[in-house]
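Step one of this worksheet: look at the structure below.
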Amino acid sequence: MQSENSAPIHAGTGPAGAGASYGHVVDRSKVDTSHGPILYLEDICVSFDGFKAINNLNMTIERGELRCIIGPNGAGKTTMMDVITGKTRPDSGKAFFGQVHDLTRLVETEIAHLGIGRKFQKPTVFEQHTVFENLELALKTDKSVKPTLFFRLTGEQRDHIAQVLRTIKLEGSEHRLAGNLSHGQKQWLEIGMLLMQEPELILLDEPVAGMTDAETERTAELILELEGKHSIMVVEHDMDFIGTIARKVTCLCDGSVLAEGSMEAVQNDEKVIEVYLGR
Ligand SMILES: Nc1ncnc2c1ncn2[C@@H]1O[C@H](COP(=O)(O)OP(=O)(O)OP(=O)(O)O)[C@@H](O)[C@H]1O
């Protein structure tokens, strides 16, 4: 693998706060996956005061793949996502987005602009704005003052918003204030805001935490709809939910991959059973 500088990028502060990354100028060079995966992690190590939160972690995700990540508390799931999104620098190891982009050399905003979108567990939508406005704010446009003053949605952008509204099941709710949505709807809206940025890789951290059963079911449908169009990594503790969307599942433990394969294979893996039941 070869590293190279990333595409020209305008970094800025995302309006949705920590970790969110909406509304930046993107000059995203195509993510080259012609000879390999969209995400490549090799021997990643991360220590906090001598404690190895990630310990020689190896993982690859293919373009369009839906990957579920499970693992007990403290397994390193969040830290792994922090490494992928540039929030945490690994002590050692390789992390590549496609074949060219060395994630260990880029900052969070650069990584977001390249096409890695992350949704944190807690929704961070703009509560005082409508659903439509939230999606509009997340558009991949230049948010500096002059273009913002003269900003008008193009037909194509309106179509994109309409399409995202359908995908996140909020068609007909576009004029509602985001603050009045249910918890599940806020989560979908935030996924919609990510989709406005057309990310190649989407990281979802516990997307169904706190949802009703009906909302959880609809979230599964939504994620399955995104499969193939984006590469998706879902970190979740809810095994019933994972069971409904699982393709390939990776179980992390003590900062490394403990088991990987089909849901059935991982669930029946003795090491996994011991980690979940034997402790
Ligand atoms: N900033 C930090 N400083 C010190 N220790 C940390 C820090 N971040 C994470 N850790 C430790 O690293 C280990 C892995 O944490 P991490 O949050 O990545 O696990 P996780 O699999 O996401 O857990 P959970 O399922 O509970 O969210 C834990 O033991 C945690 O206490």
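Just so you know, all these numbers are worked out from the coordinates, no wet-lab data involved. Bear in mind the structure is a predicted one, so any value in this text is a computation, not a measurement. Ideal geometry is used to build each Cβ from the backbone, glycine not excepted, and the neighbour counts take in all protein chains shown.
Want the number for Asp91 to Tyr276: 0.36 nm per residue separation, take away the alpha-carbon distance, what's left?
That works out to 63.8 nm of additional length.
Each residue in Thr167, Thr60 was given a count of other beta-carbon atoms within 10 angstrom of its own, and listing them fewest first yields Thr60, Thr167.
Computing FRET efficiency as 1/(1 + (r/R0)^6) for Asn180 and Asp159, where r is the C-beta to C-beta distance and R0 is 30 Å, gives about 0.70. Of all DSSP-defined beta bridges confined to the range 39-277, some 55% are antiparallel rather than parallel.
Each residue in Tyr40, Tyr276 was given a count of other beta-carbon atoms within 10 angstrom of its own, and listing them fewest first yields Tyr276, Tyr40. Take the Cα of Arg247, step 7 Å toward its Cβ, do the same at Asn55, and the gap between the two points is 3.1 nm.
Our analysis of the range 39-277 gives Rg over Rh at 0.98, with the two radii drawn from alpha carbon positions and Rh computed by the Kirkwood formula. Under 5 Å between amide hydrogens, built in the peptide plane, is the criterion, and for Glu227 it picks out nothing among residues at least 5 positions away or on other chains.
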